[in-house]
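The values are calculated or read from the model by the stated rules, or taken from the named source; none is laboratory data. Here the structure is a predicted model, which is why all the values come from computation and not from measurement. With ideal geometry, Cβ positions are generated from the backbone for all residues, glycine too; neighbour counts draw on all protein chains shown. Note: accessible area is taken over every heavy atom of the protein model, side chains too, but ligands, DNA and RNA are not part of it. Shrake-Rupley method; radii C 1.70, N 1.55, O 1.52, S 1.80 Å.
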Amino acid sequence: MARVKIEEIIDHIDSDMRKALAETVRTHFPDAEFDDRAMFRTFKRMVGRKCNTWETVPDQYVEKN
């Protein structure tokens, strides 16, 4: 099993993750108004609270170049 720093991964791909999260909310709540950057900051904070700093994942989900 491999270990990954989940918050660091989210930070690394934050632009794409922020856009995906905003699009998800718009899909499910089309009339909602929100600040996508503030929502993403909250999302990252919640991930930090719910996940361990290092998360163990199966090796097949990690490719090292």
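Go over the candidates V62, V57, V47 one by one and state the one that is open to solvent by less than 90 Å² (accessible area, probe 1.4 Å) and in contact (Cβ under 8 Å) with a residue 60 or more places away in the chain. Step through it out loud before you land on a result.
Working: V57 fails: in contact (Cβ under 8 Å) with a residue 60 or more places away in the chain; V47 fails: in contact (Cβ under 8 Å) with a residue 60 or more places away in the chain.
Of V62, V57, V47, the one residue that is open to solvent by less than 90 Å² (accessible area, probe 1.4 Å) and in contact (Cβ under 8 Å) with a residue 60 or more places away in the chain is V62.
With respect to M39, is the statement that it is of a type outside the set (S, T, N, Q), open to solvent by 50 Å² or more (accessible area, probe 1.4 Å) and part of a helix (DSSP H, G or I) true? Quick ask: steps written out before the conclusion?
Working: of a type outside the set (S, T, N, Q): yes; open to solvent by 50 Å² or more (accessible area, probe 1.4 Å): no; part of a helix (DSSP H, G or I): yes.
Against the criterion (of a type outside the set (S, T, N, Q), open to solvent by 50 Å² or more (accessible area, probe 1.4 Å) and part of a helix (DSSP H, G or I)), M39 does not qualify.
Residues of segment 1-31 being outside any helix (DSSP H, G or I) and under 27 Å from Q60 (Cβ atoms), which ones?
Correct list: M1, A2, R3, V4, K5, I13.
Among the residues of segment 42-56, write down those that are of a type in the set (F, W, Y) and outside any strand (DSSP E or B).
F43
Tell me which of these K5 doesn't satisfy, since it passes every other one: (1) open to solvent by 90 Å² or more (accessible area, probe 1.4 Å); (2) in contact with a Ser or Thr (Cβ under 7 Å, 6 or more places away or on another chain).
(1)
Just give me the residues in segment 9-35 being acidic (D, E) and either exposed (fewer than 13 other Cβ atoms within 10 Å of the Cβ) or modelled with pLDDT of 95 or more (or both), in sequence order.
The first filter runs over segment 9-35 and keeps only residues acidic (D, E), leaving 11, 14, 16, 23, 31, 33, 35.
D11, D16, E23, D31, E33, D35 - these are the residues of segment 9-35 that are acidic (D, E) and either exposed (fewer than 13 other Cβ atoms within 10 Å of the Cβ) or modelled with pLDDT of 95 or more (or both).
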